[in-house]
Structure formats: structure tokens, C-alpha cells
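One structure is given here, and the rest of the page talks about it.
Every number in this text was worked out from the coordinates using simple rules, so none of it is lab data. Treat the numbers as computed from the prediction; the structure is a model and nothing was measured. Reconstructed Cβ throughout: ideal geometry from the backbone, glycine too, with neighbour counts over all protein chains shown.
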Amino acid sequence: MGKILKFAPTIIKNLFSKPVTVNYPAEPYNYPERSRGHIEIDIDNCIGCGMCTRACPPGALKVNKNAGTWTIDRFDCIACGFCVEKCPKKCLFMVPGYQEPMPGKSEVEYKKSEEQMAKEAEQKRLQAERAAAAKKAAAAKAAAAKAAAEKAAAEKAASEADSKGQPSAAKPEAEKAEEK
Ligand code: SF4
Ligand code: SF4
């Protein structure tokens, strides 16, 4: 009798509370926020660095930067979340909810949109243009510095020859440099 009285509050509470189980799949199951369901990617933000592939213990990931693709073998993935931690662009997510059943062991490929590929190609072209312009400017600067140094050397040689009262062999060089 004493034991029944001890458990009576729990029994009464359970009689008037909802069951902890869910009538799945008739009712949707709300996964806890931090549950390790499956990996998803915001592919347009991926830079193809490959950090996720290097972090993946079972080697479930492949990245092709030029083709703009990211591929996962969901049957190899152990949902460890290392790829999510390592991604520098934070474009990988561990999503609550398990992967839908699939008819066979196959990889799932994600590909960047055409717009994103065109945008990245344009960015590459602009970068190449800027690099070429910077290289050209540096070459022009170096050539100007060399010409200035040659002119200064020629002027110095001419003034030394003048101070000695001798005709200078370097004088024509100085004049040439001035003409430039
Ligand atoms: S969660 Fe783990 S096993 Fe799955 S793809 Fe990412 S790193 Fe690989
Ligand atoms: S780590 Fe992130 S940005 Fe780098 S390849 Fe993987 S998904 Fe793309």
C-alpha cells in the first residue's frame, strides 16, 4: 500500500498527460534542433576548396571546382559533422531529419547554377585583367627607374669630365638620356 501511495503522483500525472511517443508517420516527428540528420549544401556559396573532402573520415565527399559540383555518397556518410566544422564558407549544414530511402547505393551530386558559374567566370576574367594591368604598370615603373638611373649616371660622368676640363666621352650619353 505504501508503494502505491509513493507512485500515485506519477500515475496520476501520466493519466492526464500526452504520451511521449509520436504516432509516426501519421504525425510528423519534430527532430531536436541539434540532431544529426543529414548533410545539405548551399552549393552556390561553395568555393571548391576541398577542405570538406580532406576532413571526411570515410571519404564520402568529392569536389570538382572547375565543373562546380559537390558530391556526397550518403551511404558512406557517418554524419560526424567534421565537414560542417571545416567549411570556410559555412555553406554546409547538418539538417535534422534522416535521408530519404534510396533504391540503391548511389552518389548525390549538387551543381552550381548557371548564373553563379557565369558570375564566377566574370570575376576570374576581371581578376586576370587586374593582374595583367598591375604587371604592366610594374614593368613601366621599372623601365622608368632604369632610364632615370642611366640618365643620372650619364650626367654625373659628364660633370666629372667638365670639372677636369676634358672632353667627355659620356657626354653624348647624357644628352641622349635627356632627349629621352
Ligand atoms: S558528416 Fe562526416 S562522414 Fe558525412 S560527409 Fe561530412 S565529414 Fe563526411
Ligand atoms: S569546404 Fe565548403 S567551400 Fe570548401 S569545397 Fe567543401 S563545401 Fe565547398
Counting sequence-distant residues (5 or more places) and residues on other chains, those with an amide H built under 5 Å from that of G37 are V95, G97
Max mean-square fluctuation residue, GNM over the chain, Cα-Cα springs under 10 Å, options N30, N45, N14
N14
For segment 66-81, what does the Karplus curve 6.51 cos²θ - 1.76 cosθ + 1.60, with θ = phi - 60°, yield as ³J(HN,Hα) per residue in whole Hz, taken in order and with x for Gly and Pro?
5, 7, x, 10, 9, 10, 10, 9, 5, 7, 8, 5, 9, 6, 7, x
Just to be sure I understand the rule: take each whole DSSP H helix in the chain, project its Cα atoms onto its long axis, keep it if the span is 18 Å or more and its mean Kyte-Doolittle hydropathy is at least -0.5. Which ones pass?
2-15
Find, to one decimal place in angstroms, the Kirkwood hydrodynamic radius of the chain, where the mean of 1/r is taken over every pair of different Cα atoms and then inverted.
24.0
Connecting every pair of Cα atoms under 10 Å apart in the chain and solving the GNM, the largest mean-square fluctuation among R54, R130, R74 falls on R130
Sorted by number, the cysteines in the chain with no other cysteine beta-carbon under 4.7 Å are C46, C49, C56, C77, C80, C87, C91
Any chance you could list the semi-axes, whole Å, largest first, of the equivalent ellipsoid that the Cα gyration tensor gives for segment 32-116, using √(5λ)?
19, 15, 13
Gaussian network model of the chain, Cα springs within a sub-10 Å range: biggest mean-square fluctuation belongs to which of A143, A121, A79?
A143
The farthest towards the positive end of the charge dipole of the chain, of the residues P25, A118, A157, given +1 on Cβ of Lys and Arg and -1 on Cβ of Asp and Glu, is P25
Counting other Cβ atoms within 10 Å, which chymotrypsin sites (Phe, Trp or Tyr not before Pro) in segment 57-152 have at most 16 and lie in a DSSP loop?
F75, Y98
Compute the distance in nm between two label points, each set 7 Å from the Cα along the Cα-to-Cβ direction, one at A134 and one at I12.
7.7
